[in-house]
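Before any comments, here is the structure.
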Amino acid sequence: MNGDMDDFIEGSARRYILSLSSRYDELLPPSQDLALVLGRLEYLQRAHPSARDIMLGIGLCRLAIGEPRASEPLEYLSLHATSPIARFFLLLTRLRFGAHDRTFGELRAFLREVAVVYEHVAFVVFSILSGAHRCGGWCAMQPDGRIVIGLEDGTDNDDIRWRHDDTEYQAELRLVGGFGGFSVYEITNFELPSHLPAIHVLHNGRDMLGSALESRTIWRCEGFVEGSSEGLTGWFRHPNNLASVDHVWVRAADGDTLLFDGVLGDVATDFLVAEKERTAFLIPWGDLVGVETPCVRVMDRFQQEFYGSPLDPLAGARYARAQAQWVARTFPTAYSKVTSPEFNQPFPALYTPQFAQQGLPAACREARRNRVAVIIPVYKGYEVTKECIELALKWRGPDERLVVINDFSPDPRIVDFLETVAGQEGITVLCNARNRGFTYSANRGLREVGGDEDAILLNSDTIPPPGWIGKLRDAIYRAPDIGTATPLSNAATIFSYPRNDGNNPIPSYDEVVELSSMLEEIGNAEIVEVPTGHGFCMYIRAECLHQTGVLREDVFAQGYGEENDFSRRAASLGWRHVVCLGTYVGHAEGQSFSAFKGDLIRRNLGLLNGLHPGYDRLVNEWQKRDPLHRFRRELDVRRLSQAVAGRHTVALMTHDREGGVHRFVQERALAIVEDGRIPLIISPCPADAPDGYPRWEVVPYLADDYPNIILSRRGPDLRELLLSLNCEKMEIHSYIGAGIKDIHWVSLFGLAYDVYLHDYSWFCPQITLVSHNNLYCGEPEASACETCVMDRGRATSDDTALSLLRELSTDILRRARAVIASCEDVATRYRRHIDVAIVLEQWEAPVTTQDIIFRPRHPTDIRRILLIGAIGIEKGYDILLRLARYVASTGLPLRFSIVGFTCDDSRLLETGVVDITGRYAENELTSLIQMQHCDWGFLPAVWPETWSYVLTEFWRHKFPVVTFDIGAPAERIRMAGGGLVIPLHLPVASLANILLNPAHFIQS
């Protein structure tokens, strides 16, 4: 790579870091060494793991300093984001490091799909890479739609043509210049067609590298629009064209009259962004037709319509005007001359009246059941659509039919498939002449429904099981005023199972069938009312549909919220909405709207609350009550009972916090599984209401998810569950979060139990034996402990008096089958306070430490000291901060690398002698430690730790460790070697001196 290219890369990196530093205070200024900036960026990434702007900065910095791993973040962004800049600098990375084996495909895709950026650099890159792959020419599209080509120097340029829509044209060329051994030309007589076809660029009758140019991809439009009090507002962008002019058209939905044609926003001048920014716009009503503005369509200049369009922007104002006229007419003055409203919008009900439930005999209900039409709008998602329709046809009954609406699908496979099934019995396929969105397509299907025919709105990405229609019909005909029924699903907001937030994996067909069969076995005929149905799969009774009308396509455009509006309109007419508890329908959920889903939901929720004031409150109150929780828990327990299948279970009582206890419990659970039993991890969770009682959460250590087994801590529920699941014994690992009284209650269940000692909370409410000065308290008399509790409170969040805490703890430990500690140091401290037999058992398998020693270093060499994990006050933060400040002020050759984080990173980073990686995943630990190039470790904990997983990690990575003479780490080093134990309260200068040369102090 030549010097100009290197300068471009470094300049780009520094310019980008400057822009990032305005968003992230922790970032060093770009004038610093880029290697130091890179370290800070990698630290930031751990704090913001999904921040794409930081990823791009890491890629640019690595490329600028010549690190081949520059490709990693650039590849990630190229794959997971629409990032022309990441794709461009990935090409530069390949070029810089000679990785040409992958560049042909990447360059061809870039030329086809992305408008040119940094043209003078880009032309050189395109030319060099084309030459490396022995391609005599390339073609690309400029941001304004012009086509440029590159021909190897000395190549004839007479026969250059382009072709689209089966018509070929001779190119007229203008020389732009020479770049990388290629001559670059502009095709001057080319004009980009408005329908954005694929453009073939031919040299001597053959496609050039980059042909066919995918103009529809290069000019792909992402846009969103909604109405506001000031005018039409929203955003849009062409994500693959960083320098495109943002041109907006507004047309009347009826008649196609052009109401607005303008350029909004400034043309970008700096393209260094992970993704193109959205151009926000506001088109004032005055720039349209003011109060007369009709229903409109909003699009770019290629007539690519925005999401949210079409919309009737002044519908709300017309509603308000009509309501005001209706009120004035109903309550006139003596001289009123009120215009009669064209329609009436009555005051919305903030509750639904409860009508008498006139249940009908089963035979009568059966006789009145209607035929069913299943309405399936189709657009994208070939595989899920094909599976959905095939399953719906497979399980269709004799009085059931499908109406499929092809919403102008761009996928030829879907078109071919629908043509194939259109001739089959029981299915009608309708085709839209252009893409109209879900609501319009659903209405087209609903208008096909007969007067005595029920309807089911069904998304094309659903997985219907056998008998699903029959179960939905059963739910509808349980009462004459039930208008809609919606089944349970993995992703259906309030109808979701197992997690009620819809954050569940997409189930396989077999899993859907299994769950549906289990629901049928349970046979719950209870009527559970809901404030709204869900349009992914909503059964609508014929009478309800014909009284309420179809969905509002004038308001809800592409979708989200239209079924909620329908449900509330139906409720105003006296219809109820229920959950169908007899079947389960899988759902892949709305993948066509991924870029716009948040905006559509936000906008349409606003519309819903405008049309139905109190809607949000209604739903929120239902969710707080959560009438389905009891049923979800019953289903979880039934599934769990099947999974247990006669095996023994072991209950692991633990706290609700992270840390060593959490890790140990997970490791114990794994060991129990390997022993053929099933662990049940039980932790405290808060009450479900302000005046409720706290609860237990029971999480089986199994692959499947059982998130609903939540039981009150009051009463026999937990004991009865454990007995029903064949619980063999309990392990009590902590009472923190639950409280000593509740754990004492559990210990009286009559089940054998062991107690594991992970901290000192059984007799010390501070948990760690640390006092007011943030140092080890020395374990004084009980009166001093009482004073400490009064002054500092309780770290356990348990307000039990100290005397009662120790009394209950003693009772729990003495009745235990075994009390287990990790080492003699812990056992000795416990025996001072609670007279109980203690068994010693190491928390982990021993690590060989014979070859782990401190290596001598030259006196002037910088020693890098490694720390691992979360460094809080008890873990030695204050000592580390004093030490770092001392090293910075004296210039000692010591540097500290923390693989992890601290309670206050900023103060340590300010010293300039500390690097911090930030939080890490367990599988990242080894690579992060290796990247630090450290000499030995430091474990600065000031409390008597009961084990220290961190010490084990030091030894596993062959680092000797310096630690204070307190707790399990000191005992372990004395017994196994692999480190140096030093006095706890050393002056900071002495501590620094030891860390400079631990080997000297071992020898002395």
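The values are calculated or read from the model by the stated rules, or taken from the named source; none is laboratory data. No experiment lies behind these values; they were computed from the predicted model shown. As a convention, Cβ positions derive from the backbone with ideal geometry for all residues, glycine included, and neighbour counts pool all protein chains shown.
Numerical summary
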| item | result |
| --- | --- |
| Filtered residue count, region 283-304, keeping only those that are farther than 12 Å from Thr233 by Cβ, modelled with pLDDT under 90 and part of a helix (DSSP H, G or I) | 4 |
| Residue pairs meeting the criteria (Cβ under 8 Å; at least 6 apart or on separate chains; first of a type outside the set (A, V, I, L, M, F, W, C), in region 987-998; second surrounded by fewer than 18 Cβ atoms within 10 Å (Cβ to Cβ)) | Asn997/Pro856; Asn997/Arg857 |
| Elements of type helices (runs of 4 or more DSSP H) contained in region 535-583, each with 3 or more residues being farther than 30 Å from Arg297 by Cα | 542-548 |
| Residues of region 261-282 satisfying the condition of being surrounded by fewer than 18 Cβ atoms within 10 Å (Cβ to Cβ), over 17 Å from Tyr118 (Cβ atoms) and touching a Leu at 6+ places or on another chain (Cβ under 8 Å) | Leu282 |
| Complete set of residues in region 662-685 that are surrounded by fewer than 20 Cβ atoms within 10 Å (Cβ to Cβ) and more than 16 Å from Cys727 (Cβ to Cβ) | His662, Arg663, Gln666, Glu667, Leu670, Ala671, Glu674, Cys685 |
| Residue in region 793-811 that is modelled with pLDDT of 95 or more and closer than 21 Å to Ile966 by Cα present | no |
| Failed item in (1) in contact with a helix residue (DSSP H, G or I) (Cβ under 7 Å, 6 or more places away or on another chain); (2) more than 15 Å from Ile375 (Cβ to Cβ), with Gln547 passing the rest | (1) |
| Helices (runs of 4 or more DSSP H) enclosed by region 602-696 - at least 1 residues per element that are closer than 30 Å to Phe901 by Cβ, touching a strand residue (DSSP E or B) at 6+ places or on another chain (Cβ under 9 Å) and modelled with pLDDT of 95 or more | 660-674 |
| Residue under evaluation Ala870, criteria (1) in a loop (DSSP other than H, G, I, E, B); (2) touching a Lys or Arg at 6+ places or on another chain (Cβ under 9 Å); (3) at negative phi, criterion not met | (1) |
| Failed criterion for Ser183 (all others in (1) assigned by TED's automatic domain parsing to the domain that holds Leu107; (2) within 13 Å of Met299 (Cα to Cα); (3) of a type in the set (S, T, N, Q) hold) | (2) |
| Members of region 485-531 found to be out of contact with any Leu (no Cβ under 8 Å at 6 or more places or on another chain), assigned to a helix (DSSP H, G or I) and of a type in the set (Ser, Thr, Tyr), listed by number | Thr493, Ser516, Ser517 |
| Looking only at region 947-990, and only at residues there that are farther than 30 Å from Tyr830 by Cβ and in contact with a helix residue (DSSP H, G or I) (Cβ under 6 Å, 6 or more places away or on another chain), the one that is surrounded by the most Cβ atoms within 10 Å (Cβ to Cβ) | His957 |
| Single unsatisfied condition, Ala140 versus (1) of a type outside the set (Lys, Arg); (2) under 22 Å from Tyr76 (Cα atoms); (3) touching a helix residue (DSSP H, G or I) at 6+ places or on another chain (Cβ under 6 Å); (4) not in a helix (DSSP H, G or I) | (2) |
| Filtered residue count, region 771-791, keeping only those that are touching a Phe, Trp or Tyr at 6+ places or on another chain (Cβ under 8 Å) and closer than 17 Å to Ile736 by Cα | 0 |
| Top-ranked residue of region 93-103 - restricted to ones that are in a helix (DSSP H, G or I) and touching a Ser or Thr at 6+ places or on another chain (Cβ under 9 Å), ranked as surrounded by the fewest Cβ atoms within 10 Å (Cβ to Cβ) | Phe97 |
| Options Val579, Val637, Val644; residue that is in contact (Cβ under 8 Å) with a residue 60 or more places away in the chain, within 25 Å of Tyr706 (Cβ to Cβ) and either crowded, with 21+ Cβ neighbours inside 10 Å or among the charged types (D, E, K, R) (or both) | Val579 |
| Of residues in region 244-259 being modelled with pLDDT of 90 or more and surrounded by fewer than 18 Cβ atoms within 10 Å (Cβ to Cβ), the one farthest from the chain's Cα centre (by Cα) | Thr257 |
| Residues (within 16 Å of Tyr701 (Cβ to Cβ) and either of a type outside the set (A, V, I, L, M, F, W, C) or outside the structural domain of Ile740 (by TED's automatic domain parsing) (or both)) located in region 646-662 | Arg647, His648, Thr649, Thr654, His662 |
| Single unsatisfied condition, Val114 versus (1) closer than 16 Å to Leu20 by Cα; (2) among the β-branched types (Val, Ile, Thr); (3) modelled with pLDDT of 95 or more | (1) |
| Of all residues making up region 386-412, the number that are touching a Phe, Trp or Tyr at 6+ places or on another chain (Cβ under 7 Å) and either outside any helix (DSSP H, G or I) or within 17 Å of Ala433 (Cβ to Cβ) (or both) | 4 |
| Single condition Phe896 does not satisfy, out of (1) touching a residue at least 60 places away in the same chain (Cβ under 8 Å); (2) surrounded by 17 or more Cβ atoms within 10 Å (Cβ to Cβ); (3) not in a helix (DSSP H, G or I) | (1) |
| When residues of region 864-880 are limited to those that are touching an Asp or Glu at 6+ places or on another chain (Cβ under 9 Å) and surrounded by fewer than 19 Cβ atoms within 10 Å (Cβ to Cβ), the one modelled with the highest pLDDT | Arg864 |
| Pairs, first over 15 Å from Thr188 (Cα atoms) and assigned by TED's automatic domain parsing to the domain that holds Leu129 in region 149-173, second at pLDDT below 90 and exposed (fewer than 15 other Cβ atoms within 10 Å of the Cβ), C-beta under 9 Å, six or more apart | Leu151/Asn157 |
| Residues of region 704-721 that turn out to be under 35 Å from the mean Cα position of the chain (by Cα) and not in a loop (DSSP other than H, G, I, E, B), as a count | 6 |
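Yes or no, residue by residue, for (1) closer than 30 Å to Asp759 by Cα; (2) over 44 Å from the mean Cα position of the chain (by Cα):
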| site | (1), (2) |
| --- | --- |
| Arg831 | yes, yes |
| Ile834 | yes, yes |
| Leu840 | yes, no |
| Asp861 | no, yes |
| Pro893 | no, no |
| Ile898 | yes, no |
| Thr902 | yes, no |
| Arg907 | yes, no |
| Ala921 | yes, no |
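Per-residue answers, yes or no, for (1) within 29 Å of Asp407 (Cβ to Cβ); (2) out of contact with any helix residue (DSSP H, G or I) (no Cβ under 7 Å at 6 or more places or on another chain):
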site: Leu515; (1), (2): no, yes
site: Val530; (1), (2): yes, no
site: His534; (1), (2): yes, no
site: Glu543; (1), (2): yes, yes
site: Glu553; (1), (2): yes, no
site: Ala570; (1), (2): yes, no
site: Val578; (1), (2): no, no
site: Gly586; (1), (2): yes, no
